[in-house]
Every structure is written in C-alpha cells, then in structure tokens.
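To keep things clear, I will list the structure first and then write my remarks on it.
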Amino acid sequence: MRIVRALIAMFIAALLGTSILSVVPAGATDTLPTRVITGERQATTYRAFSLKGNIEAFPNGEANLQKKACGSCKFKTVNKVKTTAYGNYKTKIFTPPTGKWKWRVKVKAQGGYATSYSPVFATFFKGNKR
C-alpha cells in the first residue's frame, strides 16, 4: 500500500510540475520588436510621386512596396525596393485614374525583428470638373 501511495504521489507531483512550468506569467511575452519605417511623398510629375524614407536597422536589405486598390481589397506587393547602406529607400508611386490607392512598405521578419509596416499613404487623382 505504501508503494502505491508513493507512486501516486510521484505521478501527481510530476503532473503539477509540468503544468506549473508550462504556465507563462502575465507580463512575459515573446514578441519581437518592429522596425521603424518612415516615408514621405513628393510630387515629381503628372500623377506620380516619389516615396523616400528610411528603415531602422535594415542596411542593404529588400523591402516590399504594397498597394491596396479598394477598401475591401488586400495589400499586394507591386515592387521590391532595395535599401542603401544607411537603410534609405526611394521609389516611385502613382495615382489611379479614378478612386484612391493606398500604399505601404513592408519588411519581412528577420534579424531579431518582427514583420514591420510603414504608415499607409494614400494617392488619388483630382481631375478638372466642368
């Protein structure tokens, strides 16, 4: 009888020990930091803009320029942008013939950082109304 009690006590202790170890404290999360992505638009030609910016801690990398054509659409990659040794990027974005397009820059998760996104930029064409 003592042996059975000892085995049951060891089994319960093992169950409690593994369940206690698997519980994560409330404040401890394993989230990775995101990169800070900045950007500014500047009009270059008719219906075109230059998008210039910087990606934190991302020298000589490749980021994705994404476009969203409508409110219910998803962002789709339209161009791959290379960064300089300082993390700067430069690309050209356009305005739609009608409506509004939204643009953003996405950097995939790597190097201890999570997937990061720039703020969303909107372009639209405001033609002459007669």
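The values are calculated or read from the model by the stated rules, or taken from the named source; none is laboratory data. This is a predicted model, so every value here is computed, not measured. Reconstructed Cβ throughout: ideal geometry from the backbone, glycine too, with neighbour counts over all protein chains shown. What goes into the accessible areas is simple: the full protein's heavy atoms, side chains included, and nothing from ligands, DNA or RNA. Shrake-Rupley method; radii C 1.70, N 1.55, O 1.52, S 1.80 Å.
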Listed highest first by mean packing, meaning other Cβ atoms within 10 Å per residue, what order do 95-103, 55-63 come in? 55-63, 95-103
Length gained if I3 through K90 is fully extended, taking 0.36 nm per residue and subtracting the Cα-Cα distance, is 23.9 nm
For the stretch 40-114, with +1 on Lys and Arg beta carbons and -1 on Asp and Glu, the positive-most of G61, V81, Y113 along the dipole: V81
Per residue, how much accessible area does the stretch 68-116 have with a 1.4 Å probe, in Å²? 63 Å²
